[in-house]
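The values are calculated or read from the model by the stated rules, or taken from the named source; none is laboratory data. None of the values given here were measured: they were computed from a predicted structure. Positions of Cβ are backbone-derived with ideal geometry, glycine not excepted, and every protein chain shown enters the neighbour counts. Keep in mind that these areas ignore ligands, DNA and RNA; they rest on the heavy atoms of the full protein, side chains included. Shrake-Rupley method; radii C 1.70, N 1.55, O 1.52, S 1.80 Å.
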Amino acid sequence: MNTAPIDLLDTPLTRQTGIAVPILCGAMYPCSNPELVAAVSAAGGMGIIQPISMTYVYGHEFRAGLRRIRELTSKPVGMNVLIEKSAKSYQDKMARWLDIALEEGIRFIVTSLGKPDWVVQRVHAVGGLVYHDVTERKWADKGMASGVDGLIAVNNRAGGHAGTKSAQQLHAELADYGLPLICAGGIGDAAAFVAALRLGYAGVQMGTRFIATHECRASEVYKNAIVSAREQDIVLSERITGVPVSLINTPTLQRMGLRAGPVARWMLRGRRTKHWMRTLYALRSLWQLRRASQDESGTKDFWQAGKSVATIDSIESAGAIVRRFAAAAGRN
Ligand SMILES: Cc1cc2nc3c(=O)[nH]c(=O)nc-3n(C[C@H](O)[C@H](O)[C@H](O)COP(=O)(O)O)c2cc1C
């Protein structure tokens, strides 16, 4: 009988990327600032840059922002490319950001929504990796057809645009693709991290946990709301982006209601009108979420977070979280 201890930190993700701890700090609009991305990478995980957050929320010219991260750490960082079909000018901008990131040495890309084929072509040409966010097989098939290197399974406990299935269900549904699978959603403490690795995941992508950190530049009221929220305070609202987004239930949300209005719903159903409606939602939500995340008065309370709030009970440094989780996995 083989009684050698299993090294839970030795996974396809750590082997492919060379990072020490299989933890990604997921891209977060509007919460990914360069200091947070760098802190997670410096501690042995990997921070994922959100380009709109970097430029529009934190005001960095894109290449200068990447170099700011490089001043803070020489360890690998990744970038999020949203490939939703929307305005042409937006798609061109994403493509330009991807090219700059590759020029600056970034070799790990997380794609969300749509078909990531053009991203895979560019990234593989320079020897990089593409992991694709998915909530079910339909999206995993698009990723597979495009040649992605890994899948990020976004489950029903995630912050941001949550999935509909549990981490267990998604693992069972996606394991036969034979790609590294990352668990995104609901990981707030070391026990949940270890449980995801034991389930067979090659790593985790965490968002909510990393907002409540010293390095994240979101407002203190937002961070404190995450620390005090309970699982039952997390609700899904269609009012922000037109599709369900996971947020803390605050007086503003209660006033607005959680469903899209009748006109918006009708427009979101139409083949022609749905693109306009989505663009309208996207522009409005970029502005609303940016304003809310920076507002210290607490009156603009649009705060995205997932069910992992239940296990988050203090604001700490991002590096301390990565080290604590790694130590817990190392003891197994
Ligand atoms: C505030 C917030 C903003 C997010 N923004 C994005 C985004 O811009 N792009 C993206 O691919 N995922 C986004 N996500 C999802 C995260 O990258 C990650 O998959 C998710 O937070 C994992 O769930 P957790 O919050 O339970 O850890 C966001 C999540 C949060 C909480």
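Got at least one residue in the range 58-72 being touching a residue at least 40 places away in the same chain (Cβ under 8 Å) and more than 22 Å from VAL123 (Cβ to Cβ)?
Looking only at the range 58-72, we keep the residues that are touching a residue at least 40 places away in the same chain (Cβ under 8 Å), and these are 58, 63, 66.
The next check asks that each one be more than 22 Å from VAL123 (Cβ to Cβ); those that pass are 58.
Yes, the conditions are met somewhere in the range 58-72.
Can you tell me which residue is farthest from the ligand (Cβ to nearest atom) among those in the range 208-236 that are under 18 Å from THR164 (Cα atoms) and buried (at least 20 other Cβ atoms within 10 Å of the Cβ)?
Among residues in the range 208-236 that are under 18 Å from THR164 (Cα atoms) and buried (at least 20 other Cβ atoms within 10 Å of the Cβ), the one farthest from the ligand (Cβ to nearest atom) is ILE234.
State yes or no: is GLY44 in a loop (DSSP other than H, G, I, E, B) and either surrounded by fewer than 18 Cβ atoms within 10 Å (Cβ to Cβ) or modelled with pLDDT under 95 (or both)? Please lay out each step first, then the result.
On the way: in a loop (DSSP other than H, G, I, E, B): yes; either surrounded by fewer than 18 Cβ atoms within 10 Å (Cβ to Cβ) or modelled with pLDDT under 95 (or both): no.
No.
Can you confirm whether the range 278-286 contains a residue that is open to solvent by less than 40 Å² (accessible area, probe 1.4 Å), within 19 Å of the chain's Cα centre (by Cα) and at pLDDT below 85? Talk me through it step by step, then tell me what you get.
At the first step, the residues of the range 278-286 found to be open to solvent by less than 40 Å² (accessible area, probe 1.4 Å) are 281, 285.
With the extra rule that they be within 19 Å of the chain's Cα centre (by Cα), the set shrinks to 285.
Checking which are at pLDDT below 85 leaves us with 285.
Yes, the range 278-286 has at least one match.
Can you name the residue in the range 78-110 that is of a type in the set (Val, Ile, Thr) and under 17 Å from VAL37 (Cα atoms) and is also nearest to the ligand (Cβ to nearest atom) among such residues?
VAL110
With the structure loaded, tell me whether ARG259 is closer than 28 Å to TYR56 by Cα and free of Cβ contacts under 8 Å to residues at least 60 places away in the same chain or whether it fails that test.
Values: closer than 28 Å to TYR56 by Cα: yes; free of Cβ contacts under 8 Å to residues at least 60 places away in the same chain: yes.
Here the answer is yes, as ARG259 does meet what is asked.
Which one of these does LEU181 not meet: (1) under 25 Å from VAL77 (Cβ atoms); (2) without any contact (Cβ under 8 Å) to a residue 60 or more places away in the chain; (3) in contact with an Asp or Glu (Cβ under 9 Å, 6 or more places away or on another chain); (4) away from the ligand (no atom under 11 Å from the Cβ)?
Checking LEU181 against (1) under 25 Å from VAL77 (Cβ atoms); (2) without any contact (Cβ under 8 Å) to a residue 60 or more places away in the chain; (3) in contact with an Asp or Glu (Cβ under 9 Å, 6 or more places away or on another chain); (4) away from the ligand (no atom under 11 Å from the Cβ), the one that fails is (3).
Could you check the range 287-332 and list, in sequence order, the residues that are in a loop (DSSP other than H, G, I, E, B), of a type in the set (D, E, K, R) and buried (at least 18 other Cβ atoms within 10 Å of the Cβ)? Spell out the reasoning first.
Let us first name the residues in the range 287-332 that are in a loop (DSSP other than H, G, I, E, B), namely 295-303, 305-306, 312-315, 317, 331-332.
Checking the rest, the ones that are also of a type in the set (D, E, K, R) come to 295-296, 300-301, 313, 331.
Passing the criteria: LYS300, ASP301.
Filter the range 166-175 down to residues that are of a type in the set (A, V, I, L, M) and out of contact with any helix residue (DSSP H, G or I) (no Cβ under 6 Å at 6 or more places or on another chain) and give me whichever is surrounded by the fewest Cβ atoms within 10 Å (Cβ to Cβ). Give the steps one after another, and end with the answer.
Our first condition is that a residue be of a type in the set (A, V, I, L, M); within the range 166-175, this holds for 167, 170, 172, 174-175.
Still in the running and out of contact with any helix residue (DSSP H, G or I) (no Cβ under 6 Å at 6 or more places or on another chain): 167, 170, 172, 175.
Values: ALA167: 26, LEU170: 29, ALA172: 13, ALA175: 15.
It comes out as ALA172.
Could you list all residues from the range 178-215 that are in contact with a Ser or Thr (Cβ under 6 Å, 6 or more places away or on another chain), part of a helix (DSSP H, G or I) and among the hydrophobic types (A, V, I, L, M, F, W, C)?
none
Just to check your reading of the model, which residue among GLY163, GLY147, GLY178, GLY186 is of a type outside the set (Val, Ile, Thr), in contact with a helix residue (DSSP H, G or I) (Cβ under 6 Å, 6 or more places away or on another chain) and more than 26 Å from ASP99 (Cα to Cα)?
That would be GLY186, the only listed residue that is of a type outside the set (Val, Ile, Thr), in contact with a helix residue (DSSP H, G or I) (Cβ under 6 Å, 6 or more places away or on another chain) and more than 26 Å from ASP99 (Cα to Cα).
Looking at the range 151-162 only, could you name the residues that are part of a loop (DSSP other than H, G, I, E, B) and open to solvent by less than 10 Å² (accessible area, probe 1.4 Å)?
Quick first cut of the range 151-162, residues part of a loop (DSSP other than H, G, I, E, B) only: 155-159, 161-162.
Once the filter is applied, which keeps residues that are part of a loop (DSSP other than H, G, I, E, B) and open to solvent by less than 10 Å² (accessible area, probe 1.4 Å), the range 151-162 yields ASN155, ALA158.
More than 18 Å from the chain's Cα centre (by Cα), free of Cβ contacts under 8 Å to residues at least 24 places away in the same chain and open to solvent by 30 Å² or more (accessible area, probe 1.4 Å): does that describe ASN249? Walk me through it before giving the result.
On the way: more than 18 Å from the chain's Cα centre (by Cα): yes; free of Cβ contacts under 8 Å to residues at least 24 places away in the same chain: yes; open to solvent by 30 Å² or more (accessible area, probe 1.4 Å): yes.
Against the criterion (more than 18 Å from the chain's Cα centre (by Cα), free of Cβ contacts under 8 Å to residues at least 24 places away in the same chain and open to solvent by 30 Å² or more (accessible area, probe 1.4 Å)), ASN249 qualifies.
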